[in-house]
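The values are calculated or read from the model by the stated rules, or taken from the named source; none is laboratory data. Everything quoted here is computed from the prediction, not taken from an experiment. Please note: Cβ atoms are built from the backbone with ideal geometry, for glycine as well, and neighbour counts cover all protein chains shown. Each accessible area value is taken on the protein alone, full model and side chains, heavy atoms only, with ligands, DNA and RNA left out. Shrake-Rupley method; radii C 1.70, N 1.55, O 1.52, S 1.80 Å.
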Amino acid sequence: MFTRFRFRDYDFKLICMVIALSVIGILTIGSAEPSLQKKQLYGVIGGVIVMLIISVINYSWVIKLNWIMYIGNLLLLVAVKFFGDTGGGAQRWLEIGPLRFQPSETAKILLILFFAQFIMKYRERINSVWVISSCVVFVMIPWYLIYKQPDLSTSIVLMILFCIIMFTGGISWKLVAGVLAVAIPAVVVVIALILQPDSKLLEGYQGNRIMAYINPDEYADAEAYQQLNSVTAIASGQLDGKGYRNNEISSVKNGNFLSEAQTDFIFAVIGEEFGFKGAMTVIVLLIAVALNCISIARRAKDLAGTIIAAGMGGLIAFQGFFNIGVATFLLPNTGLPLPFVSYGLTSIMSLYIGMGFVLNVRLQGGKS
């Protein structure tokens, strides 16, 4: 169960990078919403401890419990549907005593571990109709439960994550090309349908967010104001920023013009208070963490390890891209946290659990 490893094979560089992101997050949350700073600090400490423990547990042993993980994940998502706590127009949280958590966040990690074992078991038949169909069914069930919460942003990330897993698992290039040939026109058609005034494909606020992205002037007072204020905050920080917890009257954050500053738009607070230098530090760290995960995936001892490390790298890269894209108005408002930085105890714990498995993959992957 426990891995025997050489101390020099431990990836301290990766640990330092994720902790650096978390420290930036703790500081920024303390400025955006001081009452939540201590909770985030405790979450990060707990996450680091769990990560270090998992990093010395043989992942090959853990993923043999993949069916327990999958069924447990489904039970949590079903429980959200019937007993979940509602907030912000969505039913995404479960409350068990003093514990309040978001199962859709843990679903990302559990699905990576589930498919790591499933695909490795059937790797010789990965391009068969049965295996591909099974994988699609297995991902669509939790995807549908998350989509209906409603949580469009997480459901999009889940599908991207699934594509990364299947690609890493060795699916044929011909199948990839065929899927893209069908998917791209389908996406165009779906977007066209969404833009119709009487469209029922999305919830009202979700459609408004897309329309606000396309025509921000018309929706400036409804949906676009969040992103417009975010861009203003980032631009006002210029090169060096206005300073941590500054008291400038011109501050967008101090004027309470940033919605969900501690979560969805935390990058705007970083840009305003720490400037271009601070914003680029976060971006560089996220890219470095993702690339390090991919590097670990390339020298993993087996396909399961490759999928785990590549899946986590892809998750951090794409979720970071979406969050920053929203904050800079490059993408429609999606409501995704910035990995390791945004407030959210379920998110931070899930990410640290995932990084624990990546570290274990590295320990068993041999010399770099």
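Of everything in the range 147-183, what is within 14 Å of the chain's Cα centre (by Cα) and assigned to a helix (DSSP H, G or I)? Give them in sequence order.
Narrowing the range 147-183 to residues within 14 Å of the chain's Cα centre (by Cα): 151-162, 164.
152, 153, 154, 155, 156, 157, 158, 159, 160, 161, 162, 164, listed by residue number.
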Handout entry: Selection from the range 234-277 of residues that are over 18 Å from residue 337 (Cβ atoms), small (Gly, Ala, Ser) and at pLDDT 90 or above
Key = 235, 236, 237, 241, 243, 275
Practice task
Please verify whether the range 328-337 includes one or more residues that are open to solvent by less than 30 Å² (accessible area, probe 1.4 Å), out of contact with any strand residue (DSSP E or B) (no Cβ under 9 Å at 6 or more places or on another chain), without any contact (Cβ under 8 Å) to a residue 24 or more places away in the chain and not aliphatic (A, V, I, L, M).
Solution key: no
Practice task
All but one of (1) more than 10 Å from the chain's Cα centre (by Cα); (2) more than 18 Å from residue 32 (Cα to Cα); (3) in a helix (DSSP H, G or I) hold for residue 320, so report the exception by its number.
Solution key: (1)
Practice task
Would you point out which residue out of 311, 325 is surrounded by fewer than 21 Cβ atoms within 10 Å (Cβ to Cβ) and in a helix (DSSP H, G or I)?
Solution key: 325
Practice task
Kindly indicate the residue of the range 48-90 that is more than 15 Å from residue 350 (Cα to Cα) and among the polar types (S, T, N, Q) and also modelled with the highest pLDDT among those meeting that condition.
Solution key: 66
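Filtering the range 49-74 down to residues that are among the β-branched types (Val, Ile, Thr) and part of a helix (DSSP H, G or I), which residue is surrounded by the most Cβ atoms within 10 Å (Cβ to Cβ)?
Top of the filtered list is 63.
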Handout entry: When residues of the range 170-189 are limited to those that are surrounded by 10 or more Cβ atoms within 10 Å (Cβ to Cβ) and of a type outside the set (A, V, I, L, M), the one farthest from residue 302 (Cα to Cα)
Key = 185
